[in-house]
Structures are given as C-alpha cells and as structure tokens.
Amino acid sequence: RAVKSRFGEAVAEDISGFTYEAERKADLEEMRAWKIFPDVRGAKIEDHMTGERDGRRLSLSRVSIVYDRRRGKSYFDPSLYCFRVDFGTASEFSGTTVVVGKEESLRFGRAAEKTHGLVPAATGSAEFDEKYRVYATDKGTAERDLILSVRSAFPALEKVCAAVGPILIFMPKRMTVLFPLESFDFAFEPKPFWIPLDHDRALAAFASDLA
C-alpha cells in the first residue's frame, strides 16, 4: 500500500496537479442519496484524486458498491464496480434526476422508481430513450437537467465506458457520473506476472508521452 500511495501521489501531482489518496472512507448515506440502488450495504473507494479543472472542483475515484436488490436469495451480494467522477455545478434547483442504462435499471430492480419514488420521464429523443431510463423528482426536473447539450455529450461518454453506458446523477449544486466496469480495474497495480505484457498496446497507450 505504501508503494501504491507514493506512486499514485507522484502520478496525480505530475500529470494533473491533483491530490491523491490510496483509500478513502465511503459515505454510504451519500451513495443512498443517488437513488439508484435499493440499498447500499457497503462500499470501497480507492485511488481517490481531487483537483480543479476549468475553475471547477472535481474528484475522481475507483469504487466498488455492494447493494441489495431485495428480491430472492443469493450467496453473493450484488456489486457495482465503477470509476466515479464528482463535480460541482451552478444549479440552484432542488430535485434529483437519474440517468441509467436500460440493462442497469433492471439490474438495480428499477429502484429509482420502485424504492425511491422518482418518476419515469422521457426526453423526447427516441434514440436516447431507447438506450437509457430517466427517473426524476418530476417531469420538469428531467427537462431542466437533460437539455439537448447534455444528451449530445453521451456518445463521447459511451466511448470511454469499459462495460455498459454511463450512469448520471444530477443533484442540487452537484453532479456524479459513474462509469461501470466489468470487474474491479486496478488502475495503479500491475497485472500478475503470469499475464504477458502486450508491448504494442503499452507503447500505443503512452505514444504521446514518448513523442
């Protein structure tokens, strides 16, 4: 952990000017306030970075969230692995808007609607509404948060997603974006020694730094 902390601090400061924490205590109540899970039983936050971009304070972290679907019985608690980005907004409005992929909405048992009482909303874009489920405090909240400029940014977000599409949570003065992962991606940890290194892929990833 000590080596990981030293490495993470150096990378965060040198590349982005951010501060770095190897691990950070998870605020379960904050995650429950997102209103996308039936409940949150536990969470782990790693590789947490905090800094400023374009005059806006933001944070990035790698998160695993254990949630309860509240249906059936299982020997394994369902979990969501994701990269998380938080940043402040100028919104003074109250209310919450949640955007979740169709498959993820079913995976979470449509908790935004069934557990937390948010209202299903349509954006008016057939293409967007086919891929995503929107839940909001009321229809007006969804219309305010999901303006055309926000919806048009989704293709770029989808390109950086390793698994399904992004999850967006709009809240007063704050926005959270989750990028789901197929498994916990150890960003600052090497792969096991028995997995051969793909030299061409590694060089391509750092081509701009080596130029």
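The values are calculated or read from the model by the stated rules, or taken from the named source; none is laboratory data. As the structure is a prediction and not an experimental result, all values here were calculated from the model. A quick note on method: Cβ atoms are made from the backbone with ideal geometry, for glycine too, and the neighbour counts reach across all protein chains shown. Protein only, heavy atoms only, side chains kept; ligands, DNA and RNA dropped before computing areas. Shrake-Rupley method; radii C 1.70, N 1.55, O 1.52, S 1.80 Å.
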Per residue solvent-accessible surface (Å²) - segment 22-173, probe of 1.4 Å: 54 Å²
Förster radius 41 Å - calculated FRET efficiency between ALA90 and GLU127 (Cβ-Cβ, nearest 0.05): 0.90
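Calculate the dipole size of segment 29-165 relative to its Cα centre from +1 charges on Lys and Arg beta carbons and -1 charges on Asp and Glu beta carbons; express the result in debye to the nearest 20. Display every interim value, and only then the final one.
Details: 23 positive and 21 negative charges, 92 e Å.
Dipole size: approximately 440 debye.
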Pairs beyond 25 Å (Cα-Cα), from LYS102/LYS159; LYS35/LYS131; LYS25/LYS114: LYS25/LYS114
Distance between segment 35-54 and segment 125-145 - C-alpha centres, whole angstrom: 23 Å
